[in-house]
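Working notes, beginning with the structure itself.
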Amino acid sequence: ISKGDIESFLAKMTKDGYTPKSVSRKINSTRTFYRFLKVNEFVTDDPSLLIAHPQYQLGAPRILTPTEYRALRDAARKDPRMHAVIQLLLQTGIRIGELAALKLEDISSHELCIQPVEKHEERTVPLNSSAKEALDRYIKVRPQVPDTHVFVTKSGRPFLIRNIRTAVERYFRLAEIKNAKVNDLRHTFIAHHLKHGVSIILLSKVVGHKRLSTTERYLEYVKDRAKETSHLSEL
């Protein structure tokens, strides 16, 4: 495979309607694959290193209004599992992959232990009363199965990321919330706490951002930031 082959592949993606961000991710995936090939001595050259990433700007995060996220919770309230999923994503700001990987032993009375995944380090995340109440309610009716994942299906298998995403998006529709995705619950958590003056350093650690600048980016979407505090609040 040559540089030209990769460029042709990326050009086809652009023609097929892929965004510059998606094209950039494909370049990263190709480079990861070539690192594997070089480590195992299948190849000596890496043509992906000759490819430049396309320039793109990050769009503004979708931040739910209080009316929207309350409507979402109300829509899922009769479903203990999905109500717990939504509350955890909204009240802790964890990633959907971290939620799917959560084990029963990772839960304590006041915090979650988020295990290291991919390039993200282990961290602890505060568990407020709203999230804990929803979690306890679900665990009472959770199927009694050998698998220790917190969220499982009726047959006892882990609740997969793609299925969690589909289920949450269904409740967005039921709550009549438009143009929202699962990651917007995390965006809302970050924006809410910045607005209420939570320390940027503390918040960055809680959500697992590698760079403080990633957390600071949300400041431009937050108006009337309160006096700085070191306490997280509930949504």
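The values are calculated or read from the model by the stated rules, or taken from the named source; none is laboratory data. This one's a predicted model, so the numbers in the text were calculated from it and none came from an experiment. In this analysis, Cβ positions are derived from the backbone assuming ideal geometry, glycine residues included, and neighbour counts consider all displayed protein chains. The protein model used for the area step is the full one, side chains on, heavy atoms only, and it has no ligands, DNA or RNA in it. Shrake-Rupley method; radii C 1.70, N 1.55, O 1.52, S 1.80 Å.
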(request) Would you mind checking the tilt of helix 80-92 against the longest principal axis of the Cα atoms of the chain, expressed as 0 to 90 degrees and rounded to 10? (result) 70 degrees
(request) Write out the trypsin sites (Lys or Arg not before Pro) in region 105-176 meeting two conditions: DSSP loop, and at most 14 other Cβ atoms within 10 Å of their Cβ. (result) K119, K154
(message) Skipping prolines and chain starts, which residues have an amide H placed within reach, meaning under 5 Å, of the one on R123, given they are 5 or more residues away or on another chain?
(response) I114
(request) Can you bin region 196-235 into rounded, prolate or oblate? Criterion: square roots of the alpha carbon gyration tensor eigenvalues sorted a ≥ b ≥ c, rounded for a/c under 1.5, prolate for a/b above b/c, oblate for the rest. (result) oblate
(message) Rounded, prolate or oblate, given the Cα gyration tensor of region 98-207, with a/c below 1.5 counting as rounded?
(response) oblate
(message) Relative contact order for the chain: what percent, with Cα pairs under 8 Å and sequence separation of 6 or more?
(response) 20 percent
(message) Ignoring everything except DSSP H segments at least 4 long, calculate the 222 nm mean residue ellipticity for the chain; use -39,500 (n - 2.57) per segment, divide by total residues, nearest 500.
(response) -15000 deg cm²/dmol
(request) Give me the percent of the accessible area of the chain that comes from carbon and sulfur atoms, probe 1.4 Å, all protein chains in place. (result) 52 percent
(request) Using θ = phi - 60° and the Karplus relation 6.51 cos²θ - 1.76 cosθ + 1.60, list the HN-Hα couplings for region 162-168 in order, rounded to whole Hz, with x at every Gly or Pro. (result) 4, 6, 5, 4, 4, 5, 5
(request) Might you tell me the accessible area per residue for region 23-91, computed with a 1.4 Å probe and given in Å²? (result) 60 Å²
(request) Assign one of three labels to the chain, namely rounded, prolate or oblate, based on the Cα gyration tensor with a ≥ b ≥ c the square roots of its eigenvalues; rounded applies when a/c is under 1.5, prolate when it is not and a/b is larger than b/c, and oblate otherwise. (result) prolate
(message) Looking at the chain, identify the longest residue range that excludes and avoids all GluC sites (Glu not before Pro) in DSSP loops having at most 16 other Cβ atoms within 10 Å.
(response) 42-117
(message) Placing unit charges on C-beta atoms (Lys and Arg positive, Asp and Glu negative, everything else neutral), compute the dipole magnitude of region 1-148 about its Cα centre in debye, rounded to 20.
(response) 500 debye
